[in-house]
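Peer 1: Here you go, one structure.
Just so you know, all these numbers are worked out from the coordinates, no wet-lab data involved. Predicted, not measured: the structure shown is a model, and the values here were computed from it. Cβ atoms come from the backbone with ideal geometry, glycine included; neighbour counts cover every protein chain shown.
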Amino acid sequence: MKLQEKINRNKFLKQLGFTGAALFALYTTESCKNEAAGVTPLPSSGLTLDLTDSSYANLKKTGGYIIKSGIVVANYNGNYIAATLTCSHEGRQQITFQSNQWYCTAHGARFDVTGKGLNSEGKKGLTIYQVSLSGNTLTITA
Ligand code: FES
């Protein structure tokens, strides 16, 4: 929220009778909401995928990817990689994997496989996760 919007909103809320602690509570709640709209946190145990599950068949081909629980998992030249679904540009959950890059379909942010931004929309980088494979089980951790 921009400063001018916040000032106008503050004025509006005061006109409705919100003051002091009530205003603070409203702004604190809004901050938490904004954090929740950011990168989806991984469960502490990580995310586990059974690659024999047919819903992950797209991961078997190079360049294929799947989206699960706010995480994008891709097959990068036979290796599995993972990133958040949430773009660092404006927080849209539209990260995909195209042409060996993470790509946001909202405004075109591009990131290399390490999460480094490749254009101005991607300049903040992308959260990347660790991936390990054991048999047919893929585990993604922070
Ligand atoms: S939100 Fe991804 S490029 Fe803008």
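Peer 1: In whole Hz and in residue order, list the ³J(HN,Hα) couplings for region 54-61 that follow from phi through the Karplus curve 6.51 cos²θ - 1.76 cosθ + 1.60, θ = phi - 60°; x for Gly and Pro.
Peer 2: 4, 6, 10, 4, 4, 6, 6, 9
Peer 1: Right, another one. Test of understanding: what is the full-extension gain from Lys61 to Ser99, defined as 0.36 nm times their sequence separation minus their Cα-Cα distance?
Peer 2: So the chain would gain 12.4 nm between Lys61 and Ser99.
Peer 1: Take the Cα radius of gyration of region 47-141 and divide it by 2.2 N^0.38 Å, with N its residue count; two decimals is plenty.
Peer 2: Against the empirical 2.2 N^0.38 Å value, I get 1.01 for region 47-141.
Peer 1: Compute the length gained on full extension between Thr48 and Ala106: take 0.36 nm times their separation in residues and subtract their Cα-Cα distance, giving the result in nm to one decimal.
Peer 2: 18.1 nm
Peer 1: Please give the peptides 43-51, 119-127 ranked by average Cβ packing (other Cβ atoms within 10 Å per residue), highest first, as a rough proxy for protection.
Peer 2: The densest-packed peptide leads the list: 119-127, 43-51.
Peer 1: In addition: For region 87-138, how big is Rg over Rh, using alpha carbon atoms and the Kirkwood form of Rh?
Peer 2: Reported Rg/Rh (Cα atoms, Kirkwood Rh): 1.06.
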